[in-house]
């Protein structure tokens with residue numbers, strides 16, 4: 001009936017030779033070669049790496065959209081030790097505010113309990129730099145929404161300060177520019 005009106009009747013897929021072929025045209029299996037065969041796996045790896053970085057707030061400063069309400073800090077910071085004040089600096093990436101220990105997101109500083117003399121010298125310089133940076137002007141702390149504390153129980157916070165033009169500048173970026181701290185890569189780097 002269909003042949004009367006110019007239509008061909010379709011055959012069913014019954015023979016093995018028919019698999020992978022269109023009934024009225026050229027073969028379509030195997031598919032034509034792609035120009036960049038690794039495009040999908042590479043894109044998948046990039047997405048997974050981005051998801052991992054976003055899930056670990058120690059690594060990357062989250063955008064403001066993924067941060068909690070800002071907490072304004074107007075304290076005067078001293079060095080931690082006997083007779084310390086309400087706010088003090090422990091090392092180049094950690095400070096205390098009352099009973100809270102706060103770790104700055106995105107940086108890694110030399111440890112005060114150093115493994116060599118070079119690391120001890122850099123730790124002292126990084127601690128003094130952080131104290132100077134925190135005492136420069138009031139700043140805001142933002143908690144990442146994904147996780148607001150690290151495995152040691154310290155609060156993880158992004159520190160930012162309002163600039164003259166109304167935008168916000170990252171204190172972690174300022175510290176990294178000095179060369180006394182590194183970008184945190186998920187593991188401790190050597191300083192010796």
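Test each condition in (1) more than 23 Å from residue 184 (Cβ to Cβ); (2) modelled with pLDDT under 75; (3) in contact with a helix residue (DSSP H, G or I) (Cβ under 7 Å, 6 or more places away or on another chain) for residue 61 and report the one that comes out false.
For residue 61, the exception is condition (1).
Where in region 79-192 are there strands (runs of 3 or more DSSP E), lying wholly inside it, with at least 2 residues that are surrounded by fewer than 16 Cβ atoms within 10 Å (Cβ to Cβ), more than 24 Å from the chain's Cα centre (by Cα) and at pLDDT 85 or above?
Where strands (runs of 3 or more DSSP E) fall fully within region 79-192, none carries at least 2 residues being surrounded by fewer than 16 Cβ atoms within 10 Å (Cβ to Cβ), more than 24 Å from the chain's Cα centre (by Cα) and at pLDDT 85 or above.
Conditions: (1) modelled with pLDDT under 90; (2) surrounded by 10 or more Cβ atoms within 10 Å (Cβ to Cβ); (3) more than 15 Å from residue 156 (Cβ to Cβ). Residue 34 meets all but one. Number of the miss?
Unmet for residue 34, out of (1) modelled with pLDDT under 90; (2) surrounded by 10 or more Cβ atoms within 10 Å (Cβ to Cβ); (3) more than 15 Å from residue 156 (Cβ to Cβ): (2).
Answer yes or no as to whether residue 76 is in contact with a helix residue (DSSP H, G or I) (Cβ under 7 Å, 6 or more places away or on another chain), modelled with pLDDT of 90 or more and not in a strand (DSSP E or B).
It is true that residue 76 is in contact with a helix residue (DSSP H, G or I) (Cβ under 7 Å, 6 or more places away or on another chain), modelled with pLDDT of 90 or more and not in a strand (DSSP E or B).
The values are calculated or read from the model by the stated rules, or taken from the named source; none is laboratory data. Note that the coordinates shown come from a computational prediction; the quantities given were computed from them, not determined experimentally. We place every Cβ from the backbone using ideal geometry, glycine too, and count neighbours over all the protein chains shown.
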